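Enquirer: Below are the structure tokens for one structure; questions will follow.
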Amino acid sequence: MKDVSLIDLAGGISSALDYISPAVTGHHRRVGLGAVALASQAGIPESSLVDLLLAGLMHDIGAFSMDLALDGLTFDSDLKEHAVVGYRLLKEHPFLERASRMVLYHHTSWKDLRVIRQEGDRETLLLANIVNLADRIDILRRVGTSTRERREVERAVAGFTSDLYAPKLLEAFRELADGGLFWPLVEDMDRPVREMLSPNLLDVHISPDELIEFSSFFTRIIDFRSRHTATHTAGVAESAVLLSKLAGMSEQEQKAMRLAGNLHDIGKLAVPTALLDKPGALDSDEYVKVQDHATVCAEVLRSIPGLGEVADWACQHHERLNGKGYPLGLTGDQLSLGSRIMQVADVHTAITEDRPYRKGMTRERAVAVLRSMADNGFLDPDIVNLIIENHDRFDAVRTIVQSRALSEFRRFAEAYR
Ligand SMILES: [Fe+2]
Ligand SMILES: [Fe+2]
Ligand SMILES: [Fe+2]
């Protein structure tokens with residue numbers, strides 16, 4: 001594990017958000033890049049642009065927690081709630097505190113911001129208005145991408161009043177569009193976000209320890225989307241760390257294992273909540289969508305330089321030694337100890353925790369299932385044995401972290417009843 005850049009990290013998170021529905025593919029990415037372009041053109045100092053980028057890349061994250069249909073996020077519907085949820089999710093972390101305030105106001109009109117503006121931090125509110133405008137432009141952009149349709153969008157933006165957007169932002173958009181600079185920037189989907197930004201942009205380098213801390217915070221965003229998975233990640237990460245210790249991994253590796261455990265289901269951001277919550281069996285289309293989370297995980301984590309083996313450990317948790325897993329059907333000789341540990345930690349946590357359609361298994365039943373999976377070549381028998389031989393320890397650590405996660409979730413969910 002090496003240092004990771006905050007821009008790369010946010011770019012990865014936004015790409016997971018952007019998978020969720022074809023109607024919004026690339027939305028967060030375009031809003032992030034569009035917002036930065038508008039801000040530079042409007043003369044906002046570069047020192048503020050990373051926070052603005054983070055806000056743009058994650059602005060609708062609250063909608064994911066509430067399972068609002070993103071395709072329906074039009075300008076006129078009631079949008080305040082997802083903005084508040086997004087703010088509450090992000091504000092807890094120092095890296096995201098300023099961005100969270102932009103997210104809070106990303107659907108508030110310039111006129112309404114004026115009242116709040118009197119209380120201070122005017123620049124953050126202007127930046128929130130930039131996210132708002134970039135978001136609005138991206139929604140308008142759905143009419144199509146021909147030159148004629150582009151002009152249509154530009155005309156619509158030119159018609160916005162100063163009640164909605166700060167005049168200098170509308171001006172900045174007009175200048176960028178007239179110069180032919182805006183659309184090519186937001187439409188480029190291939191290059192990593194960082195390459196599209198000025199190299200002077202002040203990035204933040206996150207050390208491995210800070211990243212682990214950030215990932216623990218981020219598990220809440222992954223898990224709180226469904227009350228049925230609200231404590232899953234905490235349980236998997238804790239079990240994986242204990243397994244890595246018992247398997248003789250170094251302290252550095254145990255840390256990497258915690259990070260991998262915290263991130264293993266990051267791809268679930270791209271799975272509709274209705275499927276995460278669905279009682280009973282999934283049909284085959286739905287099953288494919290849920291399985292996608294493993295592919296999304298790999299794409300997201302491999303796009304963040306510095307994570308090293310953590311990406312494999314995290315994203316191969318549904319592979320099986322006998323080749324019957326997904327997404328790639330890798331076999332034992334291709335799966336490292338770290339990946340095998342994550343597989344066992346994930347299965348053990350999943351079968352022993354309560355789900356919408358069933359209670360968690362008893363210890364005896366769980367042992368029987370793990371044993372038969374090991375006997376049939378799905379899971380590594382040595383790692384399964386570590387769980388069976390140390391069952392009390394596993395139960396103890398998991399109970400502690402999962403009940404802590406559950407009470408945090410209850411506190412969070414209470415506000416939205
Ligand atoms: Fe929004
Ligand atoms: Fe949006
Ligand atoms: Fe999974």
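The values are calculated or read from the model by the stated rules, or taken from the named source; none is laboratory data. Values in this document were obtained by computation on a predicted structure and should not be read as measured data. Backbone-built Cβ (ideal geometry, glycine too); neighbour counts: all protein chains shown.
Enquirer: In region 137-151, how many are touching a residue at least 12 places away in the same chain (Cβ under 8 Å) and farther than 23 Å from residue 107 by Cβ?
Expert: Qualifying residue count, region 137-151: 2.
Conditions (1) at pLDDT 90 or above; (2) more than 30 Å from residue 217 (Cβ to Cβ); (3) not aliphatic (A, V, I, L, M), marked per residue:
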{"residue": "91", "(1), (2), (3)": "yes, no, yes"}
{"residue": "109", "(1), (2), (3)": "yes, yes, yes"}
{"residue": "124", "(1), (2), (3)": "yes, no, yes"}
{"residue": "132", "(1), (2), (3)": "yes, no, yes"}
{"residue": "143", "(1), (2), (3)": "no, yes, no"}
{"residue": "154", "(1), (2), (3)": "yes, yes, yes"}
{"residue": "164", "(1), (2), (3)": "yes, yes, no"}
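Enquirer: Still on this model: Here are 163, 178, 121, 138: which of them is charged (D, E, K, R) and within 16 Å of ligand 1 (Cβ to nearest atom)? Outline the logic, then answer.
Expert: Numbers: 163 fails: within 16 Å of ligand 1 (Cβ to nearest atom); 178 fails: within 16 Å of ligand 1 (Cβ to nearest atom); 121 fails: within 16 Å of ligand 1 (Cβ to nearest atom).
Result: 138 is the single residue among 163, 178, 121, 138 that is charged (D, E, K, R) and within 16 Å of ligand 1 (Cβ to nearest atom).
Enquirer: Related question: Hey, among the residues in region 52-89 that are away from ligand 1 (no atom under 13 Å from the Cβ) and either at pLDDT below 70 or crowded, with 23+ Cβ neighbours inside 10 Å (or both), which one's farthest from residue 271 (Cα to Cα)? Before you say what the answer is, go through the steps one by one.
Expert: From region 52-89, those away from ligand 1 (no atom under 13 Å from the Cβ) are 52-54, 67, 88-89; that's our starting set.
Then drop every residue that is not either at pLDDT below 70 or crowded, with 23+ Cβ neighbours inside 10 Å (or both), which leaves 52-54, 67, 89.
Values: 52: 26, 53: 24, 54: 22, 67: 10, 89: 19 Å.
Here the answer is 52.
Enquirer: Just to verify a result, which residue in region 216-243, among those that are over 23 Å from residue 272 (Cβ atoms) and within 15 Å of the chain's Cα centre (by Cα), is modelled with the highest pLDDT?
Expert: My answer is 216.
Enquirer: Residues of region 289-312 being among the small types (Gly, Ala, Ser) and without any contact (Cβ under 8 Å) to a residue 60 or more places away in the chain, which ones?
Expert: Those that are among the small types (Gly, Ala, Ser) and without any contact (Cβ under 8 Å) to a residue 60 or more places away in the chain: 294, 298, 311.
Enquirer: What number of residues within region 209-261 satisfy the criterion of being assigned to a loop (DSSP other than H, G, I, E, B) and without any contact (Cβ under 8 Å) to a residue 24 or more places away in the chain?
Expert: Kept after step one, since they are assigned to a loop (DSSP other than H, G, I, E, B), are these residues of region 209-261: 224-231, 247-250.
Add one more test, that the residue is without any contact (Cβ under 8 Å) to a residue 24 or more places away in the chain, and what stays is 248, 250.
Going through region 209-261 one residue at a time, the tally reaches 2.
Enquirer: So which residues in region 292-322 are surrounded by fewer than 16 Cβ atoms within 10 Å (Cβ to Cβ) and either in contact with a His (Cβ under 7 Å, 6 or more places away or on another chain) or over 29 Å from residue 205 (Cβ atoms) (or both), if there are any at all?
Expert: 322
Enquirer: Moving on to the next point. Output the residues belonging to region 139-160 that are of a type in the set (A, V, I, L, M, F, W, C) and either not assigned by TED's automatic domain parsing to the domain that holds residue 187 or not in a helix (DSSP H, G or I) (or both).
Expert: Here is the first cut: in region 139-160, the residues of a type in the set (A, V, I, L, M, F, W, C) are 139-140, 143, 153, 156-158, 160.
Within region 139-160, just 160 meets the criteria.
Enquirer: Right, something else. Determine the pairs where a residue that is over 18 Å from residue 230 (Cα atoms) and in the same structural domain as residue 215 (by TED's automatic domain parsing), located within region 267-285, has a partner that is in a helix (DSSP H, G or I) and not β-branched (Val, Ile, Thr) with Cβ atoms under 7 Å apart, the partner being 6 or more residues away or on another chain.
Expert: Pairs that qualify, where the first residue is over 18 Å from residue 230 (Cα atoms) and in the same structural domain as residue 215 (by TED's automatic domain parsing) and the partner is in a helix (DSSP H, G or I) and not β-branched (Val, Ile, Thr), are 282/275.
Enquirer: Report, by residue number, each residue of region 166-188 that is farther than 24 Å from residue 18 by Cβ and touching a residue at least 24 places away in the same chain (Cβ under 8 Å).
Expert: Passing the criteria: 166, 168, 170, 171, 172, 175.
Enquirer: Would you mind finding the one in 119, 149 that is farther than 14 Å from residue 41 by Cβ, exposed (fewer than 13 other Cβ atoms within 10 Å of the Cβ) and either over 30 Å from the mean Cα position of the chain (by Cα) or at pLDDT 95 or above (or both)?
Expert: Matching residue, one of 119, 149: 119.
Enquirer: Take the conditions in the same structural domain as residue 252 (by TED's automatic domain parsing), outside any loop (DSSP other than H, G, I, E, B) and at pLDDT 90 or above and apply them to residue 372. Does it pass? Steps first, answer last, please.
Expert: On the way: in the same structural domain as residue 252 (by TED's automatic domain parsing): yes; outside any loop (DSSP other than H, G, I, E, B): yes; at pLDDT 90 or above: yes.
Yes, satisfied.
Enquirer: Restricting to region 383-399, what's the tally of residues that are touching a residue at least 60 places away in the same chain (Cβ under 8 Å) and in a helix (DSSP H, G or I)? Before you say what the answer is, go through the steps one by one.
Expert: Restricting attention to region 383-399, the residues satisfying the condition of being touching a residue at least 60 places away in the same chain (Cβ under 8 Å) are 383, 386-387, 390, 393-394, 397-398.
Those still in the list that are in a helix (DSSP H, G or I) too: 383, 386-387, 393-394, 397-398.
Residues meeting the conditions: 7.
Enquirer: While we're looking at this one, here's another question. Find the helices (runs of 4 or more DSSP H) located wholly in region 268-365 whose residues include 1 or more that are touching a Cys at 6+ places or on another chain (Cβ under 6 Å), and list them.
Expert: By residue number, 284-302, 310-315.
Enquirer: Then there's this: Regarding residue 136, is this residue more than 21 Å from residue 26 (Cα to Cα) and in a helix (DSSP H, G or I)?
Expert: No, not satisfied.
Enquirer: For region 102-116, give me the residue count where each residue is surrounded by fewer than 22 Cβ atoms within 10 Å (Cβ to Cβ), in a helix (DSSP H, G or I) and out of contact with any Leu (no Cβ under 8 Å at 6 or more places or on another chain).
Expert: 3
Enquirer: Restricting the search to region 194-215, which residues are of a type in the set (Ser, Thr, Tyr) and modelled with pLDDT of 85 or more?
Expert: Passing the criteria: 207, 215.
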